[in-house]
Amino acid sequence: MITILTGDKINAGDLFIVIRGMKLLKHFYPNEELLKLDRWKPIDKELYKINKTRALILLGGPAFQKNLYPGIYPLVKNLDSIKVPIIAMGLGSKISPYNHFMVDNFKFTKSSKPLLYRLTCDSKYISVRDYITKRILENNGVKNSIVTGCPAWYNFETLGKPIINNPIETIALTTSVRHFRQRSSFIQQYNVMKFIKEFFPRKRFYCVFQDSLENDTYKPPRIIKIQRELANKAEFLGYKIINCTNNVNKMMETYEKSDLLIGYRVHSHICMLTLGKPSILIADDSRGYGVNEFLNMGNFNSYIESKGIFDQLYVDSLQGIALRRIFPYKPNKYLTEQIRIFLEQEISNGFASYAGVNSIILRYFKIMETFMKILF
């Protein structure tokens with residue numbers, strides 16, 4: 001038996017990581033049962049079971065944040081009570097806003113050091129999903145990380161198959177969650193919606209929400225209200241709203257019916273590409289930057305650096321009140337034009353820029369395969 005800690009509360013993207021990650025584990029260890037536990041909960045009550053398994057695997061998600069332990073992973077107060085290896089599998093980082101300065105100066109909290117030490121010592125490699133995460137670890141003295149990609153990259157049904165150049169009849173859009181705090185992000189997303197409608201006249205359109213819409217019990221009412229406002233804007237423009245809150249199957253079914261995806265959500269982007277279809281990811285933070293860098297696809301950035309401007313904090317998710325602050329970034333006013341130029345280029349050349357995506361994923365699968373075979 002293998003214990004896995006996962007972060008899938010209600011977000012379809014997180015659920016997608018878990019599905020693909022569990023398939024990977026079952027592929028390489030078909031005879032092992034999986035004990036799945038919530039990573040945001042302490043594991044004291046499950047410690048007896050965990051210590052009878054072969055390892056405790058931290059599966060996917062942007063876990064390498066400053067308060068890795070006990071913030072992201074509460075685990076137990078005394079890590080020595082975990083008698084089995086603690087192994088990282090495809091973990092990423094989350095730096096927002098993202099730039100090279102933020103990466104170079106990223107420091108884990110002192111309390112996180114014991115878990116970093118266990119990850120370093122308990123396995124030959126720490127499996128990370130992108131090179132930004134690898135640089136963060138190396139800058140903090142962790143030298144045994146290996147870039148395997150996210151577990152969600154690996155779809156055995158399409159692994160190695162090229163991106164399909166189908167006629168574009170159905171376009172899906174994914175929404176960002178930055179607008180919970182920046183009103184300018186809400187306005188930018190509305191502009192992207194309008195652009196897509198104008199660029200692709202008389203087509204079918206989906207607006208996909210991975211979470212935080214209607215039946216999300218983890219988000220406060222104010223955030224649900226903001227999401228509903230954005231959904232109403234999309235409906236007015238002619239988009240069909242797809243609520244994937246706690247429903248990863250609906251997310252995957254939607255992309256099966258789509259020919260192109262444009263949006264802000266990393267794992268919707270990954271899902272679409274691994275279905276063999278073109279996708280454009282607008283990077284909000286290090287998660288998006290890391291994926292675009294990983295695939296050598298270039299970056300479409302939602303924000304660009306500024307000398308310092310006031311930006312409306314639309315709602316503080318903890319206090320539930322509107323605030324203002326200095327935000328050293330400004331919305332990328334060239335975003336829709338950059339997407340337009342890229343789309344014109346790709347549609348004319350049969351999405352030639354995507355020709356090597358399948359090869360990149362396949363080559364990294366070989367690295368993931370090496371990692372998986374030496375887990376124990």
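The values are calculated or read from the model by the stated rules, or taken from the named source; none is laboratory data. These numbers come from a predicted model, not from an experiment. No Cβ is skipped: glycine too gets one built from the backbone with ideal geometry, and neighbour counts run over all protein chains shown.
Can you name the condition, by its number, that D316 falls short on among (1) buried (at least 16 other Cβ atoms within 10 Å of the Cβ); (2) at pLDDT below 55; (3) among the acidic types (D, E)?
(1)
Quick check, is K107 of a type in the set (K, R), farther than 23 Å from N292 by Cα and in contact with a Phe, Trp or Tyr (Cβ under 9 Å, 6 or more places away or on another chain)?
It is false that K107 is of a type in the set (K, R), farther than 23 Å from N292 by Cα and in contact with a Phe, Trp or Tyr (Cβ under 9 Å, 6 or more places away or on another chain).
When you scan segment 220-262, how many residues do you find that are surrounded by fewer than 19 Cβ atoms within 10 Å (Cβ to Cβ) and either without any contact (Cβ under 8 Å) to a residue 40 or more places away in the chain or acidic (D, E) (or both)?
Residues in segment 220-262 being surrounded by fewer than 19 Cβ atoms within 10 Å (Cβ to Cβ) and either without any contact (Cβ under 8 Å) to a residue 40 or more places away in the chain or acidic (D, E) (or both): 13 in total.
Six or more apart or on different chains, Cβ atoms under 7 Å: show the pairs whose first residue is in segment 172-192 and over 20 Å from M251 (Cα atoms) and whose second is basic (K, R) and at pLDDT 85 or above.
Within 7 Å, the pairs are Y190/K233.
Just the residues that are modelled with pLDDT of 95 or more, small (G, A, S) and part of a loop (DSSP other than H, G, I, E, B), please, taken from segment 182-238.
G238, the sole residue that qualifies.
Residues that are touching a Lys or Arg at 6+ places or on another chain (Cβ under 6 Å), surrounded by 14 or more Cβ atoms within 10 Å (Cβ to Cβ) and either hydrophobic (A, V, I, L, M, F, W, C) or under 17 Å from L119 (Cβ atoms) (or both): does segment 51-64 have at least one?
yes
At least 2 residues that are at pLDDT 95 or above, of a type in the set (D, E, K, R) and outside the structural domain of I224 (by TED's automatic domain parsing) in each: list the helices (runs of 4 or more DSSP H) lying fully within segment 1-120 that qualify.
12-28
For segment 102-127, how many residues meet the condition of being touching a residue at least 60 places away in the same chain (Cβ under 8 Å) and among the polar types (S, T, N, Q)?
Qualifying residue count, segment 102-127: 2.
This table checks each residue for (1) modelled with pLDDT under 80; (2) loosely packed, with under 15 Cβ neighbours inside 10 Å; (3) aliphatic (A, V, I, L, M).
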position	(1), (2), (3)
Y303	no, no, no
S306	yes, yes, no
F310	yes, yes, no
K330	no, no, no
I339	no, no, yes
F342	no, no, no
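Does segment 155-169 hold any residues that are buried (at least 16 other Cβ atoms within 10 Å of the Cβ) and either modelled with pLDDT of 95 or more or out of contact with any Phe, Trp or Tyr (no Cβ under 7 Å at 6 or more places or on another chain) (or both), and which are they?
Across segment 155-169, the qualifying residues are N155, T158, I168.
If you take the residues in segment 170-181 that are within 18 Å of the chain's Cα centre (by Cα) and closer than 19 Å to I304 by Cα, which one is modelled with the highest pLDDT?
Going through the qualifying residues, I end up with T175.
So, in segment 239-253, of the ones that are under 24 Å from I187 (Cα atoms) and in a loop (DSSP other than H, G, I, E, B), which residue ends up farthest from the chain's Cα centre (by Cα)?
If we take residues in segment 239-253 being under 24 Å from I187 (Cα atoms) and in a loop (DSSP other than H, G, I, E, B), then Y239 is farthest from the chain's Cα centre (by Cα).
Test of understanding: among G71, G61, which residue is on the phi > 0 side of the Ramachandran plot and touching a residue at least 12 places away in the same chain (Cβ under 8 Å)?
The unique qualifying residue is G61.
Go through segment 271-282 residue by residue and tally those that are surrounded by fewer than 23 Cβ atoms within 10 Å (Cβ to Cβ) and of a type in the set (A, V, I, L, M, F, W, C).
2
Restricting the search to segment 125-154, which residues are surrounded by fewer than 18 Cβ atoms within 10 Å (Cβ to Cβ) and assigned to a loop (DSSP other than H, G, I, E, B)?
Residues satisfying the conditions are N140, G141, K143, N144.
Does segment 291-301 contain any residue that is under 30 Å from N144 (Cβ atoms), modelled with pLDDT of 95 or more and not acidic (D, E)?
Checking segment 291-301: not a single residue is under 30 Å from N144 (Cβ atoms), modelled with pLDDT of 95 or more and not acidic (D, E).
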